[in-house]
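Worksheet: one structure, shown below.
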Amino acid sequence: MCYSIYEKVSGSLMYTQFLEKRPSTNGIGLFTKMEIPANVPIFEATGPIRLLEDLPDEVNDIVIQVGPNTFLGPAGELGDYINHSCNPNCRIHVVGNRAIFYSMYVIPKDSELTYDYSTTSTDSLEEWSIQCNCGDYNCRQIISGHQYLSDSKKQEYIKKNMLPLYILYPNMFPRKFKGTK
Ligand SMILES: [Zn+2]
């Protein structure tokens, strides 16, 4: 039998089958059915790749930015349900147009998986923002592009390898379609 590399990687080599959707404080969230080790790939987000200029407004809160001009999803699958947290337990590793979620530390069974939406977004407040309900002591409340993170938070995220290349080196990966949405 012949499998694509994609099926092999996204299916059997990660923790996809140990995750499930459940009600959370933010509607539906993504939860662990077992303890997840630290620093491992948990699952891969899937879905169509779209350019910023082709992105319908109604999917704006669901898609994941994976490049200066490219967005992944929605897929109707796990990646659509992972909620934002200002103190996340996951980070996204962007490789080309692929987005793989990694655990940042040991995540106990029955935990909600979260990532910081600002680690992948270059949107301005005018283009996209959400209200955060994470309730943590350092909750930023209004979540938008990475440029609104505090300097200390940016440094923390750089040290933890949470920011993709298009955010670390914006001059090398310019946004081409700004304002055309
Ligand atoms: Zn928050």
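Of note, D110 does not satisfy the criterion of being touching a residue at least 24 places away in the same chain (Cβ under 8 Å), crowded, with 20+ Cβ neighbours inside 10 Å and among the charged types (D, E, K, R). The residues listed here are I100, I92; of these, the one that is of a type in the set (A, V, I, L, M, F, W, C), assigned to a strand (DSSP E or B) and surrounded by 21 or more Cβ atoms within 10 Å (Cβ to Cβ) is I92. Go through the stretch 43-63 and give me each residue that's assigned to a strand (DSSP E or B) and more than 18 Å from S124 (Cβ to Cβ). Selection gives F43, E44, A45, I49, R50. Only one of Y115, Y166 is surrounded by 15 or more Cβ atoms within 10 Å (Cβ to Cβ) and within 16 Å of the ligand (Cβ to nearest atom); which? Going through Y115, Y166 in turn, the sole match is Y115. Is it the case that the stretch 48-60 has a residue that's within 16 Å of the ligand (Cβ to nearest atom) and either at negative phi or out of contact with any Pro (no Cβ under 6 Å at 6 or more places or on another chain) (or both)? No; the residues of the stretch 48-60 include none that is within 16 Å of the ligand (Cβ to nearest atom) and either at negative phi or out of contact with any Pro (no Cβ under 6 Å at 6 or more places or on another chain) (or both). Name the single residue, out of those in the stretch 30-42 being in a strand (DSSP E or B) and of a type in the set (V, I, T), that is farthest from S144 (Cα to Cα). By that ranking, first place goes to I36. Out of the residues in the stretch 118-132 that are among the polar types (S, T, N, Q) and not in a loop (DSSP other than H, G, I, E, B), state the one that is surrounded by the fewest Cβ atoms within 10 Å (Cβ to Cβ). The extreme case among them is Q131. How many of the residues in the stretch 133-177 are within 15 Å of P88 (Cα to Cα) and part of a loop (DSSP other than H, G, I, E, B)? Of the residues in the stretch 133-177, 14 are within 15 Å of P88 (Cα to Cα) and part of a loop (DSSP other than H, G, I, E, B). Is it the case that the stretch 70-87 has a residue that's part of a strand (DSSP E or B) and within 15 Å of the ligand (Cβ to nearest atom)? Looking for residues that are part of a strand (DSSP E or B) and within 15 Å of the ligand (Cβ to nearest atom), one finds at least one in the stretch 70-87, hence yes.
Rule-based calculations on the coordinates, nothing more; no lab input. Small disclaimer: the values here were computed from a predicted structure and weren't measured. Virtual Cβ from ideal backbone geometry, glycine too; neighbours counted across all protein chains shown.
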